[in-house]
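*Asks:* Dropping the structure in here first, questions after.
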Amino acid sequence: MRNTVKITSVELVNADSLNFIKTLPDDCINLIATDPPYYRVKAFKWDNQWESEGAYLAWLDELLVEFWRVLKPSGSLYMFCGSRLAADTEILVRQRFNVLNHIIWAKPSGPWRRQNKESLRAFFPSTERIIFAEHYAGPFRPKSDGYAAKCAGLKQNVFRPMIDYFRSARASLGVSAKEINVATGKQMASHWFSESQWQLPNENQYLALQQLFARIAAEKHQAGRLETPHHKLVRQYHTLSHEYRDLCLKFESLRRPFSVSIDVPYTDVWTYKPVHFYPGKHPCEKPTDMLKEIINASSRPGDLVADFFMGSGSTIKAAMALGHRAVGVELESERFNQTVNEVRDLAGK
């Protein structure tokens, strides 16, 4: 049986995560920030339910298939994993997503400080990992946010008068790419005389083009010279560039959000302190400040944030504090009820 509790803009679900996520529609989540079991790291049933690493990784891959399906094209995935299977986990994620960072969470304190160093036969793990990924238009079921394609089409439309000016002059005289490249000393014919890669030549390049086109036009007794002065083209180019930038802003909502500053961790090594023990603490609880930074960096106000292994609800509580919508899933009933009460208390404040 699935138990669902709704609290303001938050939906909390007591269910098996994989079973629940399969009931969600495609492209419905803006940000997934989640912490699945690491496999035999903790002495709890939920971390020891697989008979082998292979069985665990197969389950994780099935989960990633669903993550890919429900995450919006402009969405982001942050998935925590232990150091021991971090490489295996990243390989799985790379089959479905474009991995942007393998973040190292280096904890400044922990049980290694009490470790008998002389008894070690390998370096003691003092980190957790966070795989940060986005969708990509690759060979495996591509899903693109459309931002780049929209902007490319928009650029061709905005700069159409200048593109046509160069292309029509070349077409009327039948100037070859080889002639253009020899005259200018640059392999740039595809940039100056095409739609997809078009750019404005600089003054010296344009002067060489003018001389080439004038010579060919005279030989063929035809019109078709590049007669507009370069400074007028530059002025037109700047005007159209401002128009292009303004129009691109209309497509910004299609783009994957990402925003950090010097005031927050913006490299791929993080040093948040682990959550101190307290009565009822989840053994894998993550720092709220860390989750707030993740949500701030990779979502917009009002976006839907999902944690499919909710535990103590740190992700959900961080999303609530930032005014986001959230969905959290937890299988253990006792833990679920405890988190529901804590979220209700926060919502009532």
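The values are calculated or read from the model by the stated rules, or taken from the named source; none is laboratory data. Given the structure is predicted, the values throughout are model-derived calculations rather than measurements. Positions of Cβ are backbone-derived with ideal geometry, glycine not excepted, and every protein chain shown enters the neighbour counts. The area values use the complete protein model at the heavy-atom level, side chains included, leaving out ligands, DNA and RNA. Shrake-Rupley method; radii C 1.70, N 1.55, O 1.52, S 1.80 Å.
*Asks:* Can you list residue pairs whose Cβ atoms sit under 8 Å apart, with the first residue in the stretch 185-203 being open to solvent by 80 Å² or more (accessible area, probe 1.4 Å) and the second being modelled with pLDDT under 90? Count only pairs 6 or more apart in sequence or on different chains.
*Replies:* Within 8 Å, the pairs are S196/A152; S196/Q156; Q197/S190; Q197/H191.
*Asks:* Against the condition over 16 Å from S76 (Cβ atoms) and modelled with pLDDT under 90, how does F309 come out, does it pass?
*Replies:* No, not satisfied.
*Asks:* Answer yes if at least one residue in the stretch 207-221 is surrounded by 12 or more Cβ atoms within 10 Å (Cβ to Cβ), part of a strand (DSSP E or B) and out of contact with any Lys or Arg (no Cβ under 8 Å at 6 or more places or on another chain), and no otherwise.
*Replies:* The answer is no, given that none of the residues of the stretch 207-221 is surrounded by 12 or more Cβ atoms within 10 Å (Cβ to Cβ), part of a strand (DSSP E or B) and out of contact with any Lys or Arg (no Cβ under 8 Å at 6 or more places or on another chain).
*Asks:* Residue check, K155 against (1) over 38 Å from the mean Cα position of the chain (by Cα); (2) surrounded by 17 or more Cβ atoms within 10 Å (Cβ to Cβ); (3) not hydrophobic (A, V, I, L, M, F, W, C), all met but one. Which one?
*Replies:* (1)
*Asks:* Only strands (runs of 3 or more DSSP E) wholly contained in the stretch 24-142 count here; list those with 3 or more residues that are at pLDDT 85 or above and in contact with a Cys (Cβ under 8 Å, 6 or more places away or on another chain).
*Replies:* 127-134
*Asks:* Taking the stretch 296-349, which residues are assigned to a helix (DSSP H, G or I), surrounded by fewer than 24 Cβ atoms within 10 Å (Cβ to Cβ) and of a type in the set (A, V, I, L, M)?
*Replies:* Result: A297, M320, A321, V340, V343, L346, A347.
*Asks:* Also, I was wondering about something else. Of (1) open to solvent by less than 10 Å² (accessible area, probe 1.4 Å); (2) in contact with a Leu (Cβ under 7 Å, 6 or more places away or on another chain), I130 satisfies all except one. Which?
*Replies:* Looking at each condition in turn, I130 falls short on (2).
*Asks:* Which ones in the stretch 67-89 are surrounded by 18 or more Cβ atoms within 10 Å (Cβ to Cβ) and charged (D, E, K, R)?
*Replies:* R69, K72
*Asks:* Shifting gears a bit: For the stretch 158-176, name all the residues that are in a helix (DSSP H, G or I) and open to solvent by less than 40 Å² (accessible area, probe 1.4 Å).
*Replies:* Selection gives V158, M162, I163, F166, A169, L173.
*Asks:* Continuing with the same structure: Report the residue count in the stretch 317-342 for those that are in contact with a Ser or Thr (Cβ under 9 Å, 6 or more places away or on another chain) and closer than 16 Å to P36 by Cβ.
*Replies:* 5
*Asks:* Could you tell me which of the residues R114, R129, R96, R69 is basic (K, R), within 27 Å of V275 (Cβ to Cβ) and touching a residue at least 40 places away in the same chain (Cβ under 8 Å)?
*Replies:* The unique qualifying residue is R129.
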